[in-house]
1. For E93, all conditions in the list (1) within 25 Å of G243 (Cα to Cα); (2) of a type in the set (D, E); (3) open to solvent by 60 Å² or more (accessible area, probe 1.4 Å) hold save one; what is the number of the exception?
2. What are the residues in the range 156-204 that are open to solvent by less than 40 Å² (accessible area, probe 1.4 Å) and in a loop (DSSP other than H, G, I, E, B), if any?
3. Return the residue satisfying two criteria in turn: it lies in the range 65-77 and is open to solvent by 30 Å² or more (accessible area, probe 1.4 Å) and under 16 Å from the mean Cα position of the chain (by Cα), and of such residues it is farthest from the ligand (Cβ to nearest atom).
4. For L151, only one of the following conditions fails: (1) part of a strand (DSSP E or B); (2) closer than 27 Å to R23 by Cβ. What is its number?
5. Can you pull out the helices (runs of 4 or more DSSP H) entirely within the range 258-357 that have at least 1 residues that are under 19 Å from N155 (Cα atoms)?
6. Hey, L281 hits all of (1) in contact (Cβ under 8 Å) with a residue 40 or more places away in the chain; (2) open to solvent by 10 Å² or more (accessible area, probe 1.4 Å); (3) more than 22 Å from the chain's Cα centre (by Cα) but one; which does it fall short on?
7. Here are the criteria: (1) open to solvent by 40 Å² or more (accessible area, probe 1.4 Å); (2) away from the ligand (no atom under 15 Å from the Cβ); (3) in a helix (DSSP H, G or I). Tell me which single one G86 does not satisfy.
8. What residue, among those in the range 24-64 that are within 15 Å of L257 (Cβ to Cβ) and within 16 Å of the ligand (Cβ to nearest atom), is surrounded by the most Cβ atoms within 10 Å (Cβ to Cβ)?
Amino acid sequence: MYAGLTGSTRKAETNALLVADFRSDTVSRPSAGMRKAMADAAVGDDVYNEDPTVHLLEETLCGLAGKEAGLFFASGTQSNLAALLGHCGRGEEFIAGDAYHIFCNEAGGGAVLGGISPYPIPTDETGGLDPAQVSAAIKPDDPHLPISRLLCLENTVSGRVQPLDRVASLARIARDAGLSVHLDGARAFNAAVALDVALADVCEDADSVSICLSKGLGAPVGSVLCGSADFIQRAKRTRKLLGGAMRQVGVLAACGLYALEHNVARLADDHERAKRLAAGLDAISGVNVDCHGVDSNMVFMDPGAGHHGPLRDYLAQAGVVIHAQTPLIRLVTHLDIDDGAVDLMINVTQDYFAQES
Ligand SMILES: *Cc1c(COP(=O)(O)O)cnc(C)c1O
(Lines give C-alpha, C1' and ligand atoms only; values in the text may rest on other atoms or scores of the structure.)
Protein backbone atom coordinates (compact mmCIF):
# COMPACT_ATOMS: atom_id res chain seq x y z
CA MET A 1 0.00 0.00 0.00
CA TYR A 2 1.04 3.53 -0.71
CA ALA A 3 3.24 4.85 2.11
CA GLY A 4 2.49 8.56 2.01
CA LEU A 5 -0.60 8.50 4.21
CA THR A 6 -1.04 11.47 6.46
CA GLY A 7 -1.64 10.74 10.11
CA SER A 8 -5.21 11.96 10.01
CA THR A 9 -6.02 9.83 6.96
CA ARG A 10 -4.56 6.71 8.49
CA LYS A 11 -6.54 7.11 11.68
CA ALA A 12 -9.87 7.72 10.00
CA GLU A 13 -11.70 4.42 10.38
CA THR A 14 -14.62 5.39 8.18
CA ASN A 15 -12.44 5.59 5.10
CA ALA A 16 -9.38 3.57 6.00
CA LEU A 17 -8.81 2.58 2.36
CA LEU A 18 -8.77 6.13 1.10
CA VAL A 19 -5.30 7.08 -0.05
CA ALA A 20 -5.64 9.86 -2.57
CA ASP A 21 -8.84 11.80 -3.16
CA PHE A 22 -8.77 13.87 -6.35
CA ARG A 23 -12.44 14.86 -6.41
CA SER A 24 -12.04 18.34 -4.95
CA ASP A 25 -9.79 20.59 -2.90
CA THR A 26 -12.60 20.65 -0.34
CA VAL A 27 -11.79 17.10 0.82
CA SER A 28 -8.51 17.90 2.60
CA ARG A 29 -8.54 17.39 6.37
CA PRO A 30 -7.32 19.97 8.86
CA SER A 31 -3.67 19.33 9.73
CA ALA A 32 -2.35 18.81 13.24
CA GLY A 33 -1.10 22.42 13.29
CA MET A 34 -4.50 23.71 12.24
CA ARG A 35 -6.23 21.61 14.88
CA LYS A 36 -3.87 23.02 17.50
CA ALA A 37 -4.70 26.55 16.35
CA MET A 38 -8.39 25.70 16.86
CA ALA A 39 -7.75 24.40 20.34
CA ASP A 40 -5.74 27.48 21.30
CA ALA A 41 -8.08 30.09 19.76
CA ALA A 42 -9.31 32.97 21.89
CA VAL A 43 -13.08 33.13 21.43
CA GLY A 44 -16.15 35.15 22.40
CA ASP A 45 -19.73 35.49 21.23
CA ASP A 46 -19.43 36.75 17.66
CA VAL A 47 -23.10 37.77 17.55
CA TYR A 48 -22.18 40.12 20.44
CA ASN A 49 -19.19 41.15 18.32
CA GLU A 50 -16.86 39.74 20.96
CA ASP A 51 -14.81 37.10 19.17
CA PRO A 52 -11.26 38.43 18.76
CA THR A 53 -10.15 35.61 16.46
CA VAL A 54 -13.01 36.25 14.03
CA HIS A 55 -12.17 39.96 14.06
CA LEU A 56 -8.52 39.25 13.37
CA LEU A 57 -9.38 36.96 10.45
CA GLU A 58 -11.78 39.51 8.96
CA GLU A 59 -9.28 42.34 9.31
CA THR A 60 -6.40 40.29 7.98
CA LEU A 61 -8.21 38.98 4.93
CA CYS A 62 -9.88 42.26 3.94
CA GLY A 63 -6.45 43.88 4.23
CA LEU A 64 -4.96 41.27 1.90
CA ALA A 65 -7.87 41.75 -0.51
CA GLY A 66 -7.45 45.52 -0.43
CA LYS A 67 -10.99 46.16 0.85
CA GLU A 68 -12.25 48.17 3.84
CA ALA A 69 -14.01 45.41 5.74
CA GLY A 70 -14.60 41.67 5.87
CA LEU A 71 -17.23 39.31 7.25
CA PHE A 72 -16.86 35.63 8.12
CA PHE A 73 -19.45 33.25 6.65
CA ALA A 74 -20.11 29.54 7.06
CA SER A 75 -19.77 28.92 3.33
CA GLY A 76 -19.02 30.51 0.01
CA THR A 77 -22.61 29.98 -1.07
CA GLN A 78 -23.84 32.01 1.88
CA SER A 79 -21.23 34.70 1.29
CA ASN A 80 -22.09 34.97 -2.42
CA LEU A 81 -25.81 35.10 -1.54
CA ALA A 82 -25.27 37.91 0.97
CA ALA A 83 -23.36 39.77 -1.74
CA LEU A 84 -26.22 39.33 -4.24
CA LEU A 85 -28.72 40.53 -1.64
CA GLY A 86 -26.44 43.46 -0.82
CA HIS A 87 -26.04 44.64 -4.39
CA CYS A 88 -29.48 43.86 -5.86
CA GLY A 89 -33.11 44.30 -4.87
CA ARG A 90 -36.28 42.57 -6.10
CA GLY A 91 -36.80 43.00 -9.83
CA GLU A 92 -33.13 43.63 -10.42
CA GLU A 93 -30.75 41.25 -12.12
CA PHE A 94 -27.20 40.04 -11.97
CA ILE A 95 -25.22 39.05 -15.06
CA ALA A 96 -22.86 36.07 -14.76
CA GLY A 97 -21.16 33.40 -16.83
CA ASP A 98 -23.43 30.41 -17.44
CA ALA A 99 -20.73 28.14 -15.99
CA TYR A 100 -20.17 30.25 -12.90
CA HIS A 101 -20.86 28.77 -9.49
CA ILE A 102 -23.12 31.65 -8.41
CA PHE A 103 -25.42 30.88 -11.37
CA CYS A 104 -25.35 27.08 -11.52
CA ASN A 105 -24.33 25.69 -8.16
CA GLU A 106 -25.98 27.78 -5.47
CA ALA A 107 -29.57 26.56 -5.70
CA GLY A 108 -30.73 29.77 -7.34
CA GLY A 109 -30.51 31.55 -3.99
CA GLY A 110 -30.65 35.09 -5.38
CA ALA A 111 -33.90 34.31 -7.20
CA VAL A 112 -35.42 32.18 -4.42
CA LEU A 113 -34.68 34.50 -1.51
CA GLY A 114 -34.09 37.87 -3.12
CA GLY A 115 -36.33 38.11 -6.17
CA ILE A 116 -33.16 38.75 -8.16
CA SER A 117 -33.09 37.50 -11.77
CA PRO A 118 -29.96 35.73 -12.94
CA TYR A 119 -28.93 36.62 -16.50
CA PRO A 120 -26.41 34.04 -17.71
CA ILE A 121 -24.16 34.70 -20.69
CA PRO A 122 -21.85 32.14 -22.34
CA THR A 123 -18.63 31.26 -20.54
CA ASP A 124 -15.81 30.60 -22.99
CA GLU A 125 -13.45 27.63 -22.71
CA THR A 126 -10.95 29.66 -20.69
CA GLY A 127 -13.62 30.61 -18.17
CA GLY A 128 -13.93 34.17 -19.45
CA LEU A 129 -16.78 36.32 -20.72
CA ASP A 130 -16.96 38.21 -24.00
CA PRO A 131 -17.00 41.99 -23.40
CA ALA A 132 -19.48 42.48 -26.26
CA GLN A 133 -21.86 39.96 -24.68
CA VAL A 134 -21.55 41.66 -21.29
CA SER A 135 -22.36 44.99 -22.93
CA ALA A 136 -25.32 43.53 -24.78
CA ALA A 137 -26.65 41.93 -21.59
CA ILE A 138 -26.92 45.24 -19.76
CA LYS A 139 -30.51 46.41 -20.12
CA PRO A 140 -31.71 49.90 -20.95
CA ASP A 141 -34.25 51.58 -18.66
CA ASP A 142 -37.43 49.98 -20.01
CA PRO A 143 -40.39 48.82 -17.93
CA HIS A 144 -40.42 45.50 -19.81
CA LEU A 145 -36.99 44.60 -18.48
CA PRO A 146 -35.39 43.78 -15.17
CA ILE A 147 -32.95 46.39 -13.88
CA SER A 148 -29.34 45.34 -14.52
CA ARG A 149 -27.53 45.96 -11.24
CA LEU A 150 -24.54 43.65 -10.90
CA LEU A 151 -21.89 41.83 -12.91
CA CYS A 152 -20.61 38.67 -11.20
CA LEU A 153 -17.15 37.50 -12.21
CA GLU A 154 -15.20 34.47 -10.99
CA ASN A 155 -11.47 33.77 -10.61
CA THR A 156 -10.31 31.04 -10.94
CA VAL A 157 -13.01 29.45 -13.12
CA SER A 158 -12.73 25.65 -13.07
CA GLY A 159 -9.04 26.11 -12.39
CA ARG A 160 -8.59 28.60 -15.22
CA VAL A 161 -6.89 31.81 -14.11
CA GLN A 162 -8.57 34.92 -15.49
CA PRO A 163 -6.01 37.46 -16.75
CA LEU A 164 -6.32 40.69 -14.78
CA ASP A 165 -6.48 42.98 -17.82
CA ARG A 166 -9.45 40.98 -19.04
CA VAL A 167 -11.15 41.24 -15.65
CA ALA A 168 -10.48 44.98 -15.61
CA SER A 169 -12.03 45.56 -19.01
CA LEU A 170 -15.19 43.58 -18.09
CA ALA A 171 -15.47 45.51 -14.83
CA ARG A 172 -15.09 48.80 -16.69
CA ILE A 173 -17.99 47.95 -19.00
CA ALA A 174 -20.19 47.19 -15.99
CA ARG A 175 -19.13 50.26 -14.08
CA ASP A 176 -19.60 52.61 -17.03
CA ALA A 177 -23.19 51.39 -17.21
CA GLY A 178 -23.74 51.98 -13.48
CA LEU A 179 -23.49 48.33 -12.38
CA SER A 180 -21.49 47.05 -9.41
CA VAL A 181 -19.05 44.15 -9.70
CA HIS A 182 -18.87 41.11 -7.43
CA LEU A 183 -16.00 38.64 -7.70
CA ASP A 184 -16.55 35.04 -6.67
CA GLY A 185 -12.99 34.54 -5.53
CA ALA A 186 -13.53 31.12 -3.97
CA ARG A 187 -10.06 30.33 -5.34
CA ALA A 188 -8.73 33.89 -5.65
CA PHE A 189 -5.57 32.86 -3.80
CA ASN A 190 -4.89 30.23 -6.47
CA ALA A 191 -5.19 32.99 -9.07
CA ALA A 192 -2.86 35.29 -7.12
CA VAL A 193 -0.23 32.57 -6.65
CA ALA A 194 -0.47 31.45 -10.28
CA LEU A 195 -0.10 35.03 -11.53
CA ASP A 196 2.51 35.84 -8.87
CA VAL A 197 0.62 38.96 -7.81
CA ALA A 198 -0.92 40.11 -4.54
CA LEU A 199 -4.45 39.03 -3.63
CA ALA A 200 -5.42 42.72 -3.74
CA ASP A 201 -4.47 42.83 -7.43
CA VAL A 202 -6.85 39.96 -8.18
CA CYS A 203 -9.65 41.73 -6.27
CA GLU A 204 -8.92 45.27 -7.44
CA ASP A 205 -11.71 45.65 -9.97
CA ALA A 206 -14.45 44.23 -7.76
CA ASP A 207 -16.64 46.11 -5.29
CA SER A 208 -17.01 42.92 -3.29
CA VAL A 209 -15.22 39.59 -3.24
CA SER A 210 -15.99 36.26 -1.62
CA ILE A 211 -12.97 34.15 -0.69
CA CYS A 212 -13.12 30.51 0.45
CA LEU A 213 -10.94 29.18 3.24
CA SER A 214 -12.17 25.62 2.75
CA LYS A 215 -10.78 24.98 -0.74
CA GLY A 216 -7.04 25.00 -1.42
CA LEU A 217 -6.36 26.80 1.87
CA GLY A 218 -7.40 23.65 3.71
CA ALA A 219 -9.68 25.00 6.45
CA PRO A 220 -12.70 22.83 7.30
CA VAL A 221 -15.22 25.68 7.07
CA GLY A 222 -15.57 29.26 6.06
CA SER A 223 -15.52 32.08 3.58
CA VAL A 224 -14.92 35.78 4.01
CA LEU A 225 -16.86 38.45 2.13
CA CYS A 226 -14.87 41.65 1.64
CA GLY A 227 -16.02 45.06 0.48
CA SER A 228 -16.69 48.62 1.61
CA ALA A 229 -17.45 49.23 5.29
CA ASP A 230 -21.03 50.19 4.47
CA PHE A 231 -21.58 47.11 2.28
CA ILE A 232 -20.21 44.79 4.96
CA GLN A 233 -22.33 46.46 7.66
CA ARG A 234 -25.43 45.64 5.60
CA ALA A 235 -24.12 42.13 4.85
CA LYS A 236 -24.00 41.54 8.59
CA ARG A 237 -27.76 42.03 8.85
CA THR A 238 -28.23 39.74 5.83
CA ARG A 239 -26.05 37.08 7.43
CA LYS A 240 -28.30 37.19 10.50
CA LEU A 241 -31.36 36.95 8.28
CA LEU A 242 -29.89 33.88 6.59
CA GLY A 243 -29.26 32.21 9.95
CA GLY A 244 -25.53 32.52 9.48
CA ALA A 245 -24.53 34.52 12.56
CA MET A 246 -22.51 32.20 14.80
CA ARG A 247 -21.27 32.34 18.37
CA GLN A 248 -17.79 31.18 19.56
CA VAL A 249 -16.76 30.77 15.96
CA GLY A 250 -13.17 31.82 16.60
CA VAL A 251 -12.37 28.10 16.67
CA LEU A 252 -13.14 28.11 12.94
CA ALA A 253 -11.67 31.53 12.19
CA ALA A 254 -8.43 30.25 13.75
CA CYS A 255 -8.24 27.69 10.95
CA GLY A 256 -8.52 30.51 8.44
CA LEU A 257 -5.74 32.50 10.10
CA TYR A 258 -3.57 29.39 10.26
CA ALA A 259 -4.27 28.79 6.56
CA LEU A 260 -3.34 32.35 5.60
CA GLU A 261 -0.03 31.91 7.35
CA HIS A 262 0.87 28.40 6.22
CA ASN A 263 -1.13 27.38 3.18
CA VAL A 264 -1.01 30.21 0.64
CA ALA A 265 2.50 30.07 -0.85
CA ARG A 266 2.30 26.28 -1.03
CA LEU A 267 -0.59 26.52 -3.53
CA ALA A 268 2.24 26.71 -6.07
CA ASP A 269 3.00 23.07 -5.17
CA ASP A 270 -0.59 22.09 -5.98
CA HIS A 271 -0.27 23.87 -9.32
CA GLU A 272 3.02 22.10 -10.11
CA ARG A 273 1.53 18.73 -9.19
CA ALA A 274 -1.50 19.43 -11.39
CA LYS A 275 0.81 20.09 -14.34
CA ARG A 276 2.76 16.89 -13.68
CA LEU A 277 -0.46 14.92 -13.27
CA ALA A 278 -1.78 16.31 -16.57
CA ALA A 279 1.39 15.46 -18.47
CA GLY A 280 1.60 11.98 -16.93
CA LEU A 281 -2.00 11.13 -17.77
CA ASP A 282 -1.86 12.64 -21.25
CA ALA A 283 1.09 10.35 -22.06
CA ILE A 284 -1.12 7.28 -21.51
CA SER A 285 -2.56 5.90 -24.72
CA GLY A 286 -6.35 6.24 -24.51
CA VAL A 287 -6.30 9.30 -22.27
CA ASN A 288 -6.64 12.89 -23.39
CA VAL A 289 -5.79 15.89 -21.22
CA ASP A 290 -5.63 19.52 -22.28
CA CYS A 291 -2.29 20.22 -20.61
CA HIS A 292 -2.26 23.85 -21.76
CA GLY A 293 -5.44 24.46 -19.81
CA VAL A 294 -3.81 23.62 -16.47
CA ASP A 295 -3.40 27.08 -14.93
CA SER A 296 -3.75 26.13 -11.26
CA ASN A 297 -4.94 23.06 -9.35
CA MET A 298 -7.39 21.39 -11.74
CA VAL A 299 -6.92 18.84 -14.49
CA PHE A 300 -9.65 17.66 -16.86
CA MET A 301 -9.18 14.15 -18.22
CA ASP A 302 -11.04 12.40 -21.03
CA PRO A 303 -10.55 8.63 -20.63
CA GLY A 304 -12.64 7.88 -23.73
CA ALA A 305 -16.26 6.78 -24.07
CA GLY A 306 -17.25 3.92 -21.81
CA HIS A 307 -14.23 4.19 -19.50
CA HIS A 308 -15.39 6.76 -16.95
CA GLY A 309 -17.17 4.44 -14.51
CA PRO A 310 -14.85 1.42 -14.95
CA LEU A 311 -11.73 3.60 -14.49
CA ARG A 312 -13.21 5.12 -11.34
CA ASP A 313 -13.94 1.65 -9.95
CA TYR A 314 -10.48 0.36 -10.87
CA LEU A 315 -8.79 3.32 -9.19
CA ALA A 316 -10.96 2.92 -6.09
CA GLN A 317 -9.49 -0.55 -5.52
CA ALA A 318 -6.08 1.08 -5.29
CA GLY A 319 -7.37 3.74 -2.90
CA VAL A 320 -7.61 6.51 -5.49
CA VAL A 321 -10.89 8.38 -5.47
CA ILE A 322 -12.21 10.27 -8.48
CA HIS A 323 -15.57 11.38 -9.81
CA ALA A 324 -16.65 9.91 -13.14
CA GLN A 325 -18.15 12.98 -14.80
CA THR A 326 -18.63 12.79 -18.56
CA PRO A 327 -17.13 13.73 -20.89
CA LEU A 328 -14.34 15.20 -18.73
CA ILE A 329 -13.32 13.95 -15.29
CA ARG A 330 -12.14 16.77 -13.00
CA LEU A 331 -9.07 16.02 -10.89
CA VAL A 332 -8.03 18.49 -8.20
CA THR A 333 -4.73 18.74 -6.34
CA HIS A 334 -4.68 20.00 -2.75
CA LEU A 335 -3.01 19.74 0.66
CA ASP A 336 -3.61 16.00 0.96
CA ILE A 337 -2.27 15.18 -2.51
CA ASP A 338 1.50 14.68 -2.39
CA ASP A 339 3.93 13.56 -5.09
CA GLY A 340 3.25 9.91 -4.25
CA ALA A 341 -0.47 10.40 -4.78
CA VAL A 342 0.17 11.91 -8.21
CA ASP A 343 2.42 8.96 -9.13
CA LEU A 344 -0.21 6.52 -7.88
CA MET A 345 -2.96 8.14 -9.98
CA ILE A 346 -0.78 8.04 -13.10
CA ASN A 347 0.47 4.50 -12.54
CA VAL A 348 -2.89 2.93 -11.72
CA THR A 349 -4.50 4.69 -14.71
CA GLN A 350 -1.70 3.28 -16.85
CA ASP A 351 -2.39 -0.21 -15.44
CA TYR A 352 -6.09 0.17 -16.20
CA PHE A 353 -5.47 0.96 -19.87
CA ALA A 354 -2.78 -1.75 -20.15
CA GLN A 355 -5.21 -4.47 -18.93
CA GLU A 356 -7.93 -3.05 -21.20
CA SER A 357 -5.89 -3.37 -24.38
C1 LIG B 1 -16.79 26.18 -3.67
C2 LIG B 1 -17.19 27.38 -4.43
C3 LIG B 1 -18.08 28.31 -3.89
C4 LIG B 1 -18.71 28.20 -2.53
O5 LIG B 1 -19.02 26.94 -2.16
P6 LIG B 1 -19.36 26.46 -0.68
O7 LIG B 1 -19.30 24.99 -0.83
O8 LIG B 1 -20.71 26.98 -0.38
O9 LIG B 1 -18.35 27.00 0.28
C10 LIG B 1 -18.38 29.42 -4.66
N11 LIG B 1 -17.82 29.60 -5.86
C12 LIG B 1 -16.94 28.73 -6.39
C13 LIG B 1 -16.33 29.02 -7.72
C14 LIG B 1 -16.60 27.59 -5.69
O15 LIG B 1 -15.74 26.72 -6.22
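1. Exception for E93: condition (3).
2. Answer for the range 156-204, where residues must be open to solvent by less than 40 Å² (accessible area, probe 1.4 Å) and in a loop (DSSP other than H, G, I, E, B): T156, G159, V161, Q162, L179, A186, R187.
3. First, the residues of the range 65-77 that are open to solvent by 30 Å² or more (accessible area, probe 1.4 Å): 66-68, 74-75, 77.
Then drop every residue that is not under 16 Å from the mean Cα position of the chain (by Cα), which leaves 74-75, 77.
On the way: A74: 8, S75: 3, T77: 3 Å.
Across the range 65-77, the extreme among qualifying residues is A74.
4. Condition (2) is where L151 drops out.
5. Working: elements: 267-282, 308-317, 339-356.
So the answer is 267-282.
6. Of (1) in contact (Cβ under 8 Å) with a residue 40 or more places away in the chain; (2) open to solvent by 10 Å² or more (accessible area, probe 1.4 Å); (3) more than 22 Å from the chain's Cα centre (by Cα), only one is false for L281: (2).
7. Result: G86 passes all but (1).
8. Looking only at the range 24-64, we keep the residues that are within 15 Å of L257 (Cβ to Cβ), and these are 30-31, 33-43, 46, 51-64.
In the following step, the residues that additionally are within 16 Å of the ligand (Cβ to nearest atom) were identified as 30, 57, 61.
Numbers: P30: 20, L57: 28, L61: 25.
Selected residue: L57.
The values are calculated or read from the model by the stated rules, or taken from the named source; none is laboratory data. The shown structure was predicted, so the numbers you read here are calculated from the model rather than taken from an experiment. All Cβ positions, glycine included, derive from the backbone under ideal geometry; neighbour counts span all protein chains shown. For the accessible areas, the whole protein counts, side chains as well, though only heavy atoms, and no ligand, DNA or RNA atoms are used. Shrake-Rupley method; radii C 1.70, N 1.55, O 1.52, S 1.80 Å.
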